[in-house]
Amino acid sequence: MGSERRTVPVSGALVAAVARTVPWRALGAGAGVGLLLVVLPRLSDGPPGAWLALTLLRAAALAFALGLTFLLDDPARHLTTPVTTPRWVRTSLRVLLVAPVAALWWTAALALVPHGVRPPVGAVTLEAAATAALALAAAATAVRLTDEPEPGPSVAAAVLTTATLVALLIPSRWTLLAGAGDPRWGDAHERWGVLLGVGVVAWGVCMPEPLRRRALLRALRFSRRSGTPSPLGVPPRP
């Protein structure tokens, strides 16, 4: 019982600390641009066509995904290297904190599309989920493979460039951007499902600590167990 009582406040403190590091402004900017794109046709005289509504929803999903590329930015990354909480725990907490916001945002985006021209919700939600997963995987890869504390801008540029090239250069038979009435709609969403799986797997692979940080954490844990001075400059536990 005593250990449980000690765990609860530590967990709460960790959640609060992680919540303070989430780049809410970047996420808000992506979400705001996405909703603006979806609502623009409502400012015109007539309702949008089905293709325009679908295209704007896709653009909105991409805008939100670009905001997600900033999710793992941490200006104090090198200052907080000795923290013994595994990075996958802190990263998962960031995603869990943002997930309800993302779900509410996507629900609002869908609601802003007139019912008569709204594309199949399940299929377009699969597209949005795959786009978000790939953006998060790209951010996790940048954190895993580089020492850059704030890779968000470069990752966002890479994601946007890749999305543009895919839309322009992918052969028609492999298109991901089929219309709702297109015979290729089903095949396109099978590919979206594969991309979602790839994004999730890539995210999982990049969750562990970078090799350099693993070495630092092992040194810190050893010094705390042995009571010897840490090579990181962190004093041992009394």
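The values are calculated or read from the model by the stated rules, or taken from the named source; none is laboratory data. None of the values given here were measured: they were computed from a predicted structure. Cβ: placed from backbone, ideal geometry, glycine included. Neighbour counts: every protein chain shown. Please note that ligands, DNA and RNA were not included when accessible areas were found on the heavy atoms of the full protein model with its side chains. Shrake-Rupley method; radii C 1.70, N 1.55, O 1.52, S 1.80 Å.
Remarks
- Residues in segment 25-54 that are in contact with a Leu (Cβ under 9 Å, 6 or more places away or on another chain), among the charged types (D, E, K, R) and farther than 25 Å from GLY181 by Cα: none.
- Unique match (being open to solvent by less than 40 Å² (accessible area, probe 1.4 Å) and within 15 Å of CYS206 (Cβ to Cβ)) among ALA139, ALA178: ALA139
- Qualifying residue in segment 80-98 (condition: assigned to a helix (DSSP H, G or I) and closer than 18 Å to VAL33 by Cβ): yes
- Members of segment 59-100 found to be in contact with a Leu (Cβ under 9 Å, 6 or more places away or on another chain), over 14 Å from ALA139 (Cβ atoms) and at pLDDT 85 or above, listed by number: ALA59, ALA60, LEU62, ALA63, LEU93
- Any hit, segment 203-223, residues being out of contact with any Pro (no Cβ under 8 Å at 6 or more places or on another chain), within 21 Å of PHE64 (Cα to Cα), surrounded by 15 or more Cβ atoms within 10 Å (Cβ to Cβ) and modelled with pLDDT under 95: yes
- For GLY122: the one exception among (1) in contact (Cβ under 8 Å) with a residue 60 or more places away in the chain; (2) part of a helix (DSSP H, G or I); (3) over 29 Å from THR21 (Cα atoms); (4) open to solvent by 40 Å² or more (accessible area, probe 1.4 Å): (1)
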